Amino acid sequence: MSKSILGLFLDPNSAADAMDGLKESGFEQGSFDVLTGTPYPEGAFGEHVPQHRLFRFPAFGAIIGFSASLFLTTATQLAYPLITGGKPILSIFAMLIIMYEMTMLSAVIFSVIGIIFESRLPNINPSAYDPRITEGYIGVVISVEDKDLNKAKAVFEKTGSEEVKVV
Amino acid sequence: MQQRKSVTQEYTNSVLLNGTLETPKWWPYLVSILLFFVLVGIGLFFVQIYFGLGVTGLSRPVYWGLYITTFVFWVGISHAGIMISAILRLTQAEWRRPVTRAAEILTIFSLLTALVFPLIHAGRTWRIIYWLLPYDFSRGIWPNIRSPLFMDPIAIGTYLTGSTLFLFIALIPDLAVLRDRTTGLRKGFYTILAMGWRGNPRQWKMQVVGGILLSALMLPIFVSVHSIVSWDFAVTIGVEGWHSTIFAPYFVIGAVHSGVSAVVTMMALMRWGWKWNDFIRPEHFDALARLLTVVATAWLGFTFLELIFALYGLDAPEIALREMQIFQYPWNMLFLLFLLTGYIIPVPMWLFKRVRTNIALMFWSSIMVNIGMWLERFLIIVPGLARKTPFVFTWEAYSPSWFEWYILFWSFCWVTLLMLLFSKVFPLVPLFEQKESEVFSDSVKIGRANVPTIFREEEE
């Protein structure tokens, strides 16, 4: 059965040592993670630098928003073809303004969906966690099989963990 | 950043959550008073619906008066959020940290307030829906997309939705802090909103990259909103003083001037009210005043350009209007007051560091700017309609009734009330930004001097 172990550290260097220790003990890179209450410089704990595809979301959103607004502005004018001052039914300049706003709105909405998705939220089944992480403690969390439990605990104890929690 | 004090994350949480997890002594009294004024205002709104727009000073030919002035004013204030939050985030300005959340909230609440004014102004409020939604399907009438009065709600709606989502994304890490520090129902509420945030590198990376991405997307929306509001006037060819091609950038820069001033007002109140002296420091007011000096001067340039463009055509009605605005009583008094409060008094004050770092002086000068900016909108909207023109047989000068003045007062009470209620549920200063600042700061010894430094990560 798999268990989640959390080591709490006050010093970023100790947390980085724990991450290195876990790697050296043969645990897979993706099986452990570092939890902090604030952003740290990328790679500060020797962690795996996450890759993302966030920038595809606003592009996709913009295409959807543009298409929907093109349809809406065209269809509403054609549905009630009132000729004003001998001008064409489709008023391009007015359409562009609405299309611009709706394209941007859709891009923003899809970006937000992208941020939430790429952050892997909502996370309804969080593993070991401690509220002190949002108070300045640094948590190193690892999911291990029962047989590797002591090996992981030993790494945390050796690197100066303030507390080790097993869930 | 010389005034900066090194603080722990625990201290940051305890101080910046003092308005959310505890209740300051003044909070219930102030909320009760504001609630009373807000309810009276809502009551008056229903009185207006019952008796009609006759309770206002609006009369032929001035049908756009104080309500529309106040609508433009609040849309202007809303430009604080993106100006401060997005631009400073994109440029990674260190002093943005305590300012961004307040600016974003101010954007949302002032937009919500601005949206109320066309509803009040319409008299029969429910009829607004005919402009925005298709009605009477049997006749097949759809909204007139060629009208700026339709473009306006679309632009404001986009800005409001975008700003709210932007605020929510930046709130998630702070919601996790609240989740970790509350119990019972409140914990449940924050747990749902925090969506299981843990603070791993992937989530922090998305906060940083996502914040920059949303800033970049919100900036063009920010520019478009007040441009479209300006077209409510500028595309009207029949009113002198309205039909101007310079209105879009002029309105945008004016909005930034009033919006950033409103942020200064709010920052001072936050510092005094919640005693956040360690986080909202004189150096932040100093930076905001420097920014305001530049913005105000650009705005003054546009003010004179607008005047010059109007006069350069030697069009008799335009000249007559400007003469009325600047030389005829009571407009001349308002024009003088507008220039004095919008620029002549505050900007020379901000040239002195002693003023820029004096929070009381910054507070009062920012209030002054917004008096001037409200008057600016009034002077743009009303004189053009009020000037006596041929073939207009019912003509009289517009004077707002006490009803309209109260609704203006109501709007300030309403925004303040919303802010105070927000402060009880969510932190007004972003906690994680403050903590990040601690991680990225140090001091370097150069010769014999210890120099405080801020590190910045290189973008790959």
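The values are calculated or read from the model by the stated rules, or taken from the named source; none is laboratory data. Being a predicted model, the structure only gives us computed values, none of them experimental. Methodologically, a virtual Cβ is constructed for each residue, glycine included, from the backbone with ideal geometry; neighbour enumeration extends over all protein chains shown.
Some values worked out for this structure:
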read-out	value
Filter result (surrounded by fewer than 23 Cβ atoms within 10 Å (Cβ to Cβ) and of a type in the set (S, T, N, Q)) within region B:217-254	B:224, B:227, B:236, B:244, B:245
Every residue from region A:127-152 that is modelled with pLDDT under 90, more than 12 Å from chain B (Cβ to nearest Cβ) and buried (at least 17 other Cβ atoms within 10 Å of the Cβ)	A:143, A:144, A:148, A:152
Every residue from region B:22-60 that is of a type outside the set (Gly, Ala, Ser), under 28 Å from residue B:226 (Cβ atoms) and touching an Asp or Glu at 6+ places or on another chain (Cβ under 9 Å)	B:56, B:58
Residue satisfying condition, being outside the structural domain of residue A:140 (by TED's automatic domain parsing), touching a residue at least 12 places away in the same chain (Cβ under 8 Å) and within 32 Å of the chain's Cα centre (by Cα), within set A:61, A:46	A:61
Lone qualifier among B:360, B:397 - being of a type in the set (Gly, Ala, Ser) and either out of contact with any helix residue (DSSP H, G or I) (no Cβ under 8 Å at 6 or more places or on another chain) or modelled with pLDDT under 90 (or both)	B:397
Any chance residue B:42 is touching a His at 6+ places or on another chain (Cβ under 8 Å) and over 30 Å from residue B:211 (Cβ atoms)	no
Tally, over region B:2-36, of residues that are surrounded by 14 or more Cβ atoms within 10 Å (Cβ to Cβ) and at pLDDT below 95	16
Filter result for the condition that a residue is assigned to a helix (DSSP H, G or I) and assigned by TED's automatic domain parsing to the domain that holds residue A:19, over A:103, A:134	A:134
Residues located in region B:142-187, provided they are more than 8 Å from chain A (Cβ to nearest Cβ), without any contact (Cβ under 8 Å) to a residue 12 or more places away in the chain and closer than 19 Å to residue A:130 by Cβ	B:183, B:187
Candidate set from region A:81-121 (those that are more than 9 Å from chain B (Cβ to nearest Cβ) and at positive phi); member that is modelled with the lowest pLDDT	A:85
Residue A:124, sole failed condition from (1) more than 30 Å from residue B:227 (Cβ to Cβ); (2) within 7 Å of chain B (Cβ to nearest Cβ); (3) not in a loop (DSSP other than H, G, I, E, B)	(3)
